[in-house]
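Accompanying notes for the structure given below.
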Amino acid sequence: MFSSIGRTVQHHITRCINDSHYAAKTLLYSSIALGLCSHVADSFQLGKNKKIEEDKRKYLKYYQLTEGFVSAGAQAAVGLAVIHDKTQNFIIKNLSKTSKKLAKTLQESIVKKNVMKLSSLIAAVVMAKRILVPFIVTPLASLIKKEINPVAKEDENRENIFKIGKYKVDYDHD
Amino acid sequence: MLIANIPNNYYKKQINFGATRKPELVKKVTGFFIDNIDKILKKGINQTSSNIINYAGRALFPPLMILAGSKFTHEDEDSIKYSMLLSPLNACFSLITTLGVTLIGNKFVDKAAKRGFLGEFFRNNAQHLSELKNISALSMTFLAIPVTAKLLSWSLPKVMRKIDDDIPIPQNLNFNIYAQNLKPQFRHLTGENRKNV
């Protein structure tokens, strides 16, 4: 059992050191999985929290869920496009034009690997996940919330009788 | 006589001050960035650095983009304020928890490698050890996710009420409203003080 796990870990590590595409893809997939897990956990915890009002709680819940799934797709698409050889060659060409120092260092294989990692992370995690996705998700989450939870339900009114705050009675205070 | 004491280069220095200094400053700034980029690219990019990029992006950009996207919805202003606050708060908490947890994991890995628990593959190879630390950091950040989610759901309404006083307390928990709507004769039966009402 432990020996098989050790072998797979050793195989993964040797492949990460030798293959630059594999190393960049592991970072990308790990960031996708982390983002999805954190968004689902946040939506689960916010859905339970009764210190926030019902409408806002539901909106936050569906906002987190939609952001998690949409960002996972967007990250995968953008990140895999950036890791491709043609885009990498384009990036290295343009970077080497800026200064002679950078052009020298960019010829090393370790630096090329790190450029691939960093460019994929910046494009996928910052540009796609944090700039594009929130702009799309804010209207989308309210649409999903309205479709899943239509506003007026007759059954809820029975429960609301006990919430006296909704039916304010105007007694004469002193 | 006073004019004669002033050195000849005085005015020239004053005039040339702005003209010569600016390109030096620009060169210094660009050189500083290029040197640092070289250092970063030679050193390597770990799981922790990718986490820091992720949290920095999460703290800075989403509130602005939510403001831009809120024009296309008819959602309440308060719920959009909540969603704007959500991402930077989550970034702060997750940065603290993951950095703390990964430091513990790295120390544990180093000690285990020195004593020889991990085998000969990791004993004297820094490259293999650094890749193993990436795996440990990933697993530890997965473990830290539920803690950050609980911290976020605990802190979000408190922070929101400090920023905006107008946001109402939900009606399920507010027992004072129950006391408010009773007749003053029966108000003492609820157990609430009158000052709180």
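The values are calculated or read from the model by the stated rules, or taken from the named source; none is laboratory data. Note that this is a predicted model, so its numbers are computed, not measured. Every residue, glycine among them, receives a Cβ derived from its backbone with ideal geometry; neighbour counts consider all protein chains shown.
Laid out as a table, the results:
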read-out	value
Given (1) surrounded by fewer than 19 Cβ atoms within 10 Å (Cβ to Cβ); (2) within 9 Å of chain A (Cβ to nearest Cβ); (3) among the hydrophobic types (A, V, I, L, M, F, W, C), number of the condition B:MET65 does not satisfy	(1)
Only one of B:LEU103, B:LEU152, B:LEU95 that is in a helix (DSSP H, G or I) and out of contact with any helix residue (DSSP H, G or I) (no Cβ under 6 Å at 6 or more places or on another chain)	B:LEU103
Looking only at region B:37-59, and only at residues there that are part of a helix (DSSP H, G or I) and touching a residue at least 12 places away in the same chain (Cβ under 8 Å), the one that is nearest to A:SER20 (Cα to Cα)	B:GLN47
Hey, B:ASN125 at negative phi and surrounded by 21 or more Cβ atoms within 10 Å (Cβ to Cβ) or not	no
A:GLN107, sole failed condition from (1) part of a helix (DSSP H, G or I); (2) at pLDDT below 90	(1)
Region A:10-35 - residue that is farther than 20 Å from A:ALA81 by Cα and more than 7 Å from chain B (Cβ to nearest Cβ) and, of those, nearest to the chain's Cα centre (by Cα)	A:HIS12
Complete set of residues in region A:18-43 that are of a type in the set (Val, Ile, Thr) and either buried (at least 21 other Cβ atoms within 10 Å of the Cβ) or touching a Ser or Thr at 6+ places or on another chain (Cβ under 9 Å) (or both)	A:ILE32
A:PHE90 being aromatic (Phe, Trp, Tyr) and more than 8 Å from chain B (Cβ to nearest Cβ)	yes
Filter result (out of contact with any Cys (no Cβ under 7 Å at 6 or more places or on another chain) and either surrounded by fewer than 16 Cβ atoms within 10 Å (Cβ to Cβ) or closer than 16 Å to B:GLY44 by Cα (or both)) within region B:128-143	B:HIS128, B:LEU129, B:SER130, B:LEU132, B:LYS133, B:ASN134, B:ILE135, B:ALA137, B:SER139, B:LEU143
Filter pass, A:VAL78 being within 14 Å of chain B (Cβ to nearest Cβ) and farther than 19 Å from A:SER31 by Cβ	no
Region A:46-67 - residue that is assigned to a helix (DSSP H, G or I) and among the charged types (D, E, K, R) and, of those, surrounded by the most Cβ atoms within 10 Å (Cβ to Cβ)	A:GLU67
Checklist (1) of a type in the set (S, T, N, Q); (2) more than 18 Å from the chain's Cα centre (by Cα); (3) more than 7 Å from every other protein chain (Cβ to nearest Cβ) applied to B:SER155, failing item	(2)
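Condition check ((1) touching a residue at least 40 places away in the same chain (Cβ under 8 Å); (2) facing chain A (nearest Cβ under 10 Å)) across all residues:
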position	(1), (2)
B:GLY69	no, yes
B:SER79	no, yes
B:PHE93	yes, no
B:ILE96	no, no
B:VAL101	yes, no
B:PHE108	no, no
B:GLY116	no, no
B:PHE122	no, yes
B:ALA126	no, no
